[in-house]
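Notes to accompany the following structure.
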Amino acid sequence: MMSVLNNMLGNLAQLSASESRSISAENPTGEKGRGGMSLDGPAADKARELGPGWKISPYAPLPANSAITLADIEGPGVIQHIWITSRPEYWRRMILRFYWDDEETPSVEAPFGDFFCQGWGRFCQVNSIPVSVNPNGGLNCYWQMPFRRRCKITLENLSPDDIDWVYYQIDYALGDVPEDSAYLHAQWRRSNPLPYQEVHTLLDGLRGDGQYVGAYIAWGVNNTGWWGEGEIKLYLDGDDDFPTICGTGTEDYFGGAWNFDVDGRYTEFSTPFLGLPQVIRPDGLYSSQQRFGMYRWHVLDPVRFQADLRVTIQALGWRSPLEGARRYLPLQDDIASTAFWYQREPHAPFPPPPSLNELEVI
């Protein structure tokens, strides 16, 4: 049987014996021929003159301080696409988790919005290949997610408010998974504020073999002036004080140059593998700080590791040139990162999950 994994557009013309399935509130188990059968869903009153099959269960409610299971799938197979939406004010108040093959701890654990490059609880359009976010809050994920025995996806509401609706659709295929296929992982970390002259850590303590495939960062600036002189560093397979891979600046790593500055203004951009899709500018009153959302996907250039991996980034600006020569200024910014990688299981323990207070954005 052919693999269900699809390498970009490379094998679309090839026939496969894999089986396409889809999970949504209209077919929560993804069973063949059982979509749209609900009789008593949350929109039943709206379809009272139409009957079964007419959009009776288009969404799921998510009560306060509770979690729902979005998908529970027996494998082998691969998640191919996720579309989901809810109100933006809750995007930083929900935690998305993926569990592979009956593991006890999740391989993906991140705030709902940050997983889709929406870390500030405000919509911004993203036009990348792994993540696409479209007006007005349609969140799409195309990361390939193979699993062998089981896939479980949950969504937890940490807020004291009921979330009236979560619309979602999870498209997947059942079929053989190659022996050398690794599992998607994602981890969120926040430094708020970053201690003086310290670095923000995106990943640390990874063990095993795999490949780092990128990160999204929601970066809140607490100083005036330029903030992105810091280098990203990737410590591979036993690197100690110095890394194997060292960047030249924050905007350089995310694909820009010269402060993202065009005619004296930060300029948003969104491309297949890197972008600065969100710039939140001060409004002169309560929204007083500059905030940014950036992504860098190593899809065509994954960073391979065989034993361990650590990833850090500096927050660095400029001091005022009162002495005639400029010097770097270590910054104490609000940096929240979601790092993505593939590896074999088992994975090393994640940091404790964030509380609602630790997630808060204003």
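When the residues of the stretch 108-120 are filtered to those that are more than 25 Å from Leu174 (Cα to Cα) and either of a type in the set (Phe, Trp, Tyr) or in a helix (DSSP H, G or I) (or both), which remaining residue is farthest from the chain's Cα centre (by Cα)? Result: Trp120. If the requirement is being hydrophobic (A, V, I, L, M, F, W, C) and assigned to a loop (DSSP other than H, G, I, E, B), which of these qualifies: Phe123, Phe98? Exactly one residue qualifies, and that residue is Phe123. Among residues of the stretch 36-53 that are free of Cβ contacts under 8 Å to residues at least 24 places away in the same chain, those with a beta-carbon under 6 Å from a residue that is of a type in the set (S, T, N, Q) and part of a loop (DSSP other than H, G, I, E, B) at least six positions away or on a different chain give the pairs Ser38/Ser57; Gly41/Ser57. Those residues that are of a type outside the set (D, E, K, R), farther than 19 Å from Pro42 by Cβ and within 18 Å of the chain's Cα centre (by Cα), I need them from the stretch 138-157; list them, please. Residues satisfying the conditions are Gly138, Leu139, Asn140, Cys141, Tyr142, Trp143, Gln144, Met145, Pro146, Cys151, Ile153, Thr154. Scanning the stretch 272-294 for residues that are at pLDDT 95 or above, surrounded by 14 or more Cβ atoms within 10 Å (Cβ to Cβ) and either out of contact with any Ser or Thr (no Cβ under 6 Å at 6 or more places or on another chain) or of a type in the set (Lys, Arg) (or both) returns Phe273, Leu274, Gly275, Leu276, Gln278, Val279, Ile280, Gln290, Arg291, Phe292, Gly293, Met294.
Taking the stretch 318-343 as the range and being at pLDDT 95 or above and of a type in the set (D, E, K, R) as the test, the residues that pass are Asp333, Asp334. What residue, among those in the stretch 324-358 that are of a type in the set (Ser, Thr, Tyr) and loosely packed, with under 13 Cβ neighbours inside 10 Å, is nearest to Gln211 (Cα to Cα)? Filtering the stretch 324-358 for residues that are of a type in the set (Ser, Thr, Tyr) and loosely packed, with under 13 Cβ neighbours inside 10 Å, the one nearest to Gln211 (Cα to Cα) comes out as Ser355.
Within the stretch 262-275, residues that are over 20 Å from Trp297 (Cβ atoms) and of a type in the set (Lys, Arg) have Cβ atoms under 9 Å from residues that are modelled with pLDDT of 95 or more and surrounded by 15 or more Cβ atoms within 10 Å (Cβ to Cβ) in these pairs: Arg265/Val279, counting only partners at least 6 apart in sequence or on another chain. The numbered conditions (1) closer than 17 Å to Met294 by Cβ; (2) at pLDDT below 95 are all true for Arg190 except (2). For the stretch 163-207, the tally of residues that are under 30 Å from Thr29 (Cα atoms) and either under 23 Å from the mean Cα position of the chain (by Cα) or not small (Gly, Ala, Ser) (or both) stands at 25. Take the residues in the stretch 76-91 that are under 30 Å from Asp180 (Cα atoms), hydrophobic (A, V, I, L, M, F, W, C) and within 14 Å of the chain's Cα centre (by Cα); name whichever of them is surrounded by the most Cβ atoms within 10 Å (Cβ to Cβ). Only one residue tops the list, namely Ile82.
Residue-wise test of (1) touching a Leu at 6+ places or on another chain (Cβ under 7 Å); (2) in a loop (DSSP other than H, G, I, E, B); (3) among the acidic types (Asp, Glu).
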| position | (1), (2), (3) |
| --- | --- |
| Ser22 | no, no, no |
| Gly41 | no, yes, no |
| Ala44 | no, yes, no |
| Arg48 | no, yes, no |
| Glu89 | no, no, yes |
| Asp102 | no, yes, yes |
| Pro106 | no, yes, no |
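Remark: pairs (first residue in the stretch 154-166, of a type outside the set (A, V, I, L, M, F, W, C) and surrounded by fewer than 16 Cβ atoms within 10 Å (Cβ to Cβ); second residue assigned to a strand (DSSP E or B) and at pLDDT 95 or above; Cβ separation under 8 Å; 6+ apart in sequence or on different chains) = Asp162/Pro61; Asp162/Leu62; Asp164/Pro61. Val361 meets each of the listed conditions (1) more than 21 Å from Asn192 (Cβ to Cβ); (2) at pLDDT below 95; (3) of a type in the set (A, V, I, L, M); (4) touching a strand residue (DSSP E or B) at 6+ places or on another chain (Cβ under 9 Å) apart from (1).
State whether the residues of the stretch 53-74 include one that is outside any loop (DSSP other than H, G, I, E, B), more than 30 Å from Leu359 (Cα to Cα) and at pLDDT 90 or above. For the stretch 53-74, residues outside any loop (DSSP other than H, G, I, E, B), more than 30 Å from Leu359 (Cα to Cα) and at pLDDT 90 or above: present. Tell me, yes or no, whether the stretch 341-358 has at least one residue that is within 17 Å of Leu234 (Cβ to Cβ), small (Gly, Ala, Ser), touching an Asp or Glu at 6+ places or on another chain (Cβ under 8 Å) and part of a loop (DSSP other than H, G, I, E, B). There is no residue in the stretch 341-358 that is within 17 Å of Leu234 (Cβ to Cβ), small (Gly, Ala, Ser), touching an Asp or Glu at 6+ places or on another chain (Cβ under 8 Å) and part of a loop (DSSP other than H, G, I, E, B).
The values are calculated or read from the model by the stated rules, or taken from the named source; none is laboratory data. These numbers come from a predicted model, not from an experiment. A quick note on method: Cβ atoms are made from the backbone with ideal geometry, for glycine too, and the neighbour counts reach across all protein chains shown.
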